[in-house]
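Remarks on the structure that follows.
The values are calculated or read from the model by the stated rules, or taken from the named source; none is laboratory data. Please read all numbers here as calculations on a predicted model, not as lab measurements. Here the Cβ positions follow ideal geometry from the backbone for every residue, glycine too, while neighbour counts run over all protein chains shown.
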Amino acid sequence: MKYRKDIQILRGVAVFIVVLFHLGLGGFQSGFLGVDVFFVISGYLMAVLYNPNKKLEFFKRRALRLLPAYFVVTILMILVSILVVTPNEYNQIFEQSIYADLFASNIGYWMKNSYFSKSEFNLLLHLWSLGVEIQFYLILPILVYFFLKHSSFLWLITISSMSACLVIVEVSPKTSFFMTPFRLWEFLIGYGVAKYFSNNGNIQSTIKKQIVGSVFFFIILAIPLFKVDGQTLSILAGHPALYALLITVSTGFVLAYGLLTHIEKSLIANFFETIGKYSYSIYLVHFPVIMLYLYHPFSGTNLQVDGSTDLVILFFIITGLSIASYHLIEVRLTNNRRIFVILFAMPIAIITTSTLGRDIQKLRYSDAEFKTFNAFRDRSTYRCGKMFRVLNPGSITCEIKRINTSKDGGVLLVGNSHADSIKSVFADVAESRGLKLYFLVPNNPLMSGSHISVNRVIIEAKQHNVRHIVLHYSLNAISASVIAALAKKAGENDIDVSFIMPVPVWGKHIPKSLWENLKDNKPLPIQTKKDYLDATNALRESLKGLKLENFMYYEVYGYFCNDECIVVSADGRPLYFDYGHLTLTGSSRLSELFNIVLFGYR
């Protein structure tokens, strides 16, 4: 295949908008669509480069192209992290490095939160796309085997993958986003274009075709104008959905028809061609550099650049490291005679480095600090777990612990993220006496804008033979009128309803405050029992007014407040992992209350 400037331009545009998106610049909120452009280009090139009769040579070339920079940048970022971040963040980086080592970053992040979540320090988040790409390379021989059997397999698999993606995006957007089967269609669009609209990657394009290709190129340039929400359950505004389809098809047209000559020769095209040359190193380097430069302990994924000075500094750091990565790793290291020995050693080096990093950090911090840093890990799996939504797309209720019970029915826990933080300890108490605990999958049941209504909750309760519904929310998340409506409807169906009052919340991040107290003797946040009672008084008075035989509400302040409310256990473990969500340690303080709620005695 001859050198194609238009492909290099596409790469430059794609990485440019991705970097600007990660820098948090206004107008580039949909810049993640640049990755979709990369996937189509990759599929196109693999159709040209892969020879079924030379599989080993194909994998060697792919390894030489991707792995040296991939491994070196990963190791360097781990080394910097050991010295820069606290164990709270390093514990997260350690886990991320293991998945990166296995080319499974996409799977690791899928098991956590969405791509757009800011709660964790996702230093290696950008490697998710390389995980998908490498997994595509690994299954390519199998795909090509079927494609050679009959050409219809290409379109069948492409359409099947795309259809599944559009279905799953309305159930679990992060599954469509991260998992290779639901991204396969983007690669295969590029693959199909190469096979049916090119001569081994080369094109003979007329002016009319170049005009068409150029029109679609401008659609790609318009990505910053798109309004895409990667977390919404919609094929219209969600991702990867119809906007992703538009961008992949547009990329396919550019690859098939090329660009007008005067566009390719323009100054802006030359700029993007140069960016495209360094695009792989730019992609590898930019995200962890931004993360480490903007790092603040306990702040999760911070991508907010505050001023133009920081923006300029980041620009020069990313540019310098990208150029160095390209020339020293992509070019020079790749040509090293012992490169395959080096590549074999690098995965071991990542595991060794990341493991030693934990030991090195133990020398920097006290035991009390480590207890504080572990707060974020002292929590249960989010909602019903990662696989539940995929395996049970139509269900909104899960069973927290599957037990054989002789009791009649079970209990349904309903609430937002605050209910999520207590569910594991609540389930332990229920299980200890043979009671099943069910939990609602959505994070906002009965709240404003939720599709989970009072009637739907009652239907779920009756379906699982639940005789008791327990509610727990943060303050002001649910109105007393909704609680009353649920209790009345439940009473008509012989179901009891209990409401566990909101736990004390704080104006400061509790683990961060504890660490600053240990490190710099900064004062901890203060909240008295009176403060809590005053804040919750309106809700309490409303609940007192519900004169229903099947309804009870339960106070929690006695488990957290004497004269003042506490944020740490007697042995120094945080009761919260952020501003108001209980750790497992914090939730365990409510075990006695859960016994009272469920069984009427301590």
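Name the one entry in K462, K530, K519 that is in contact (Cβ under 8 Å) with a residue 12 or more places away in the chain, in a helix (DSSP H, G or I) and over 23 Å from Y438 (Cα atoms). Before you say what the answer is, go through the steps one by one.
On the way: K462 fails: over 23 Å from Y438 (Cα atoms); K530 fails: in contact (Cβ under 8 Å) with a residue 12 or more places away in the chain.
Just a single option satisfies the conditions, and that option is K519.
Residues being more than 31 Å from the chain's Cα centre (by Cα), surrounded by fewer than 23 Cβ atoms within 10 Å (Cβ to Cβ) and either not hydrophobic (A, V, I, L, M, F, W, C) or not assigned by TED's automatic domain parsing to the domain that holds G192 (or both): count how many of those fall in the range 239-272.
Counting residues in the range 239-272 that are more than 31 Å from the chain's Cα centre (by Cα), surrounded by fewer than 23 Cβ atoms within 10 Å (Cβ to Cβ) and either not hydrophobic (A, V, I, L, M, F, W, C) or not assigned by TED's automatic domain parsing to the domain that holds G192 (or both) gives 6.
Tally the residues that are farther than 17 Å from I75 by Cα and either part of a helix (DSSP H, G or I) or touching a Pro at 6+ places or on another chain (Cβ under 9 Å) (or both), restricting the search to the range 262-292.
Residues of the range 262-292 that are farther than 17 Å from I75 by Cα, as a first pass: 262-279.
Narrowing the set further to residues that are either part of a helix (DSSP H, G or I) or touching a Pro at 6+ places or on another chain (Cβ under 9 Å) (or both) leaves 262-264, 267-277, 279.
So the count comes out to 15.
Please tell me if I189 is at pLDDT 95 or above and closer than 20 Å to A269 by Cα.
Working: at pLDDT 95 or above: yes; closer than 20 Å to A269 by Cα: no.
It is false that I189 is at pLDDT 95 or above and closer than 20 Å to A269 by Cα.
Which ones in the range 138-147 are under 30 Å from H286 (Cα atoms) and surrounded by fewer than 19 Cβ atoms within 10 Å (Cβ to Cβ)? Lay out the reasoning, then the answer.
Kept after step one, since they are under 30 Å from H286 (Cα atoms), are these residues of the range 138-147: 138-140.
Of everything in the range 138-147, those that are under 30 Å from H286 (Cα atoms) and surrounded by fewer than 19 Cβ atoms within 10 Å (Cβ to Cβ) turn out to be L138, I139.
Going residue by residue through the range 460-474, is there one that turns out to be out of contact with any strand residue (DSSP E or B) (no Cβ under 8 Å at 6 or more places or on another chain) and among the hydrophobic types (A, V, I, L, M, F, W, C)? Write out each step before concluding.
Keep residues of the range 460-474 that are out of contact with any strand residue (DSSP E or B) (no Cβ under 8 Å at 6 or more places or on another chain), which gives 462, 474.
Going one step further and asking which of them are among the hydrophobic types (A, V, I, L, M, F, W, C), we end up with none.
Among the residues of the range 460-474, not one is out of contact with any strand residue (DSSP E or B) (no Cβ under 8 Å at 6 or more places or on another chain) and among the hydrophobic types (A, V, I, L, M, F, W, C), which makes the answer no.
Tell me, please, whether a residue that is touching a residue at least 12 places away in the same chain (Cβ under 8 Å), surrounded by 14 or more Cβ atoms within 10 Å (Cβ to Cβ) and over 22 Å from the mean Cα position of the chain (by Cα) can be found in the range 373-394.
no
Looking at this structure, is L236 within 21 Å of the chain's Cα centre (by Cα) and free of Cβ contacts under 8 Å to residues at least 12 places away in the same chain? Don't jump to the end; show me each part of the working.
Details: within 21 Å of the chain's Cα centre (by Cα): yes; free of Cβ contacts under 8 Å to residues at least 12 places away in the same chain: yes.
Taking the combined requirement at face value, the residue satisfies it.
Can you pull out the residues in the range 171-217 that are of a type in the set (A, V, I, L, M, F, W, C), under 30 Å from the mean Cα position of the chain (by Cα) and over 16 Å from V249 (Cβ atoms)?
V171, F177, F178, M179, F182
Condition check ((1) at positive phi; (2) at pLDDT 90 or above; (3) of a type outside the set (V, I, T)) across all residues:
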site	(1), (2), (3)
T355	no, yes, no
R383	yes, no, yes
I400	no, no, no
S432	no, no, yes
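Going through the range 205-242 one residue at a time, which ones are in a helix (DSSP H, G or I), of a type outside the set (V, I, T) and over 18 Å from V171 (Cβ atoms)?
Quick first cut of the range 205-242, residues in a helix (DSSP H, G or I) only: 207-221, 223-225, 242.
From what is left, the residues that are of a type outside the set (V, I, T) are 208-210, 213-214, 216-218, 221, 224-225, 242.
Scanning the range 205-242 gives K208, K209, Q210, G213, S214, F216, F217, F218, L221, P224, L225.
Where in the range 350-450 are there helices (runs of 4 or more DSSP H), lying fully within it, with 1 or more residues that are under 18 Å from N88 (Cα atoms)?
So the answer is 367-373.
If you take the residues in the range 148-189 that are in a loop (DSSP other than H, G, I, E, B) and of a type outside the set (A, V, I, L, M), which one is surrounded by the fewest Cβ atoms within 10 Å (Cβ to Cβ)?
To start, the set of residues in the range 148-189 that are in a loop (DSSP other than H, G, I, E, B) comprises 150-151, 169-172, 179, 183.
Cutting the leftovers down to of a type outside the set (A, V, I, L, M) gives us 150-151, 170, 172, 183.
Working: H150: 9, S151: 13, E170: 15, S172: 21, R183: 26.
Step by step, filter the range 148-189, then rank; the result is H150.
Looking at the range 26-39 only, could you name the residues that are in a loop (DSSP other than H, G, I, E, B) and either under 18 Å from V285 (Cβ atoms) or within 20 Å of the chain's Cα centre (by Cα) (or both)?
So the first thing to find is which residues in the range 26-39 are in a loop (DSSP other than H, G, I, E, B), and the list is 26-30.
The answer is F28, Q29, S30.
Of the numbered conditions (1) modelled with pLDDT of 95 or more; (2) surrounded by fewer than 19 Cβ atoms within 10 Å (Cβ to Cβ), R602 fails exactly one; give the number of that condition.
(1)
For L593, indicate whether it is in the same structural domain as V411 (by TED's automatic domain parsing), surrounded by fewer than 20 Cβ atoms within 10 Å (Cβ to Cβ) and aliphatic (A, V, I, L, M).
On the way: in the same structural domain as V411 (by TED's automatic domain parsing): yes; surrounded by fewer than 20 Cβ atoms within 10 Å (Cβ to Cβ): no; aliphatic (A, V, I, L, M): yes.
Criteria not met by L593.
Can you tell me which residues in the range 89-129 are among the aliphatic types (A, V, I, L, M) and buried (at least 21 other Cβ atoms within 10 Å of the Cβ)? Write out each step before concluding.
Kept after step one, since they are among the aliphatic types (A, V, I, L, M), are these residues of the range 89-129: 93, 98, 100, 102, 104, 107, 111, 123-125, 127.
Residues satisfying the conditions are I93, A100, L123, L124, L125, L127.
Consider V18 against the criteria (1) touching an Asp or Glu at 6+ places or on another chain (Cβ under 8 Å); (2) crowded, with 24+ Cβ neighbours inside 10 Å: it satisfies all of them except one. Which criterion is unmet?
It fails just one condition, (1).
Count, please, the residues in the range 71-117 that happen to be under 20 Å from P173 (Cβ atoms) and not in a helix (DSSP H, G or I).
Qualifying residue count, the range 71-117: 8.
Return yes when E549 is of a type in the set (D, E, K, R) and part of a loop (DSSP other than H, G, I, E, B) and no when it is not.
Working: of a type in the set (D, E, K, R): yes; part of a loop (DSSP other than H, G, I, E, B): yes.
Considered against the rule, which asks whether it is of a type in the set (D, E, K, R) and part of a loop (DSSP other than H, G, I, E, B), E549 comes out as yes.
Considering the range 409-446 alone, what residues qualify as being of a type in the set (A, V, I, L, M) and surrounded by fewer than 18 Cβ atoms within 10 Å (Cβ to Cβ)?
Let us first name the residues in the range 409-446 that are of a type in the set (A, V, I, L, M), namely 411-414, 419, 422, 425, 427, 429-430, 435, 437, 440-441, 446.
Passing the criteria: only V441.
Working only within the range 278-333, note down all residues that are charged (D, E, K, R) and crowded, with 16+ Cβ neighbours inside 10 Å.
Of the range 278-333, the ones charged (D, E, K, R) are 306, 310, 330, 332.
Answer for the range 278-333, where residues must be charged (D, E, K, R) and crowded, with 16+ Cβ neighbours inside 10 Å: just E330.
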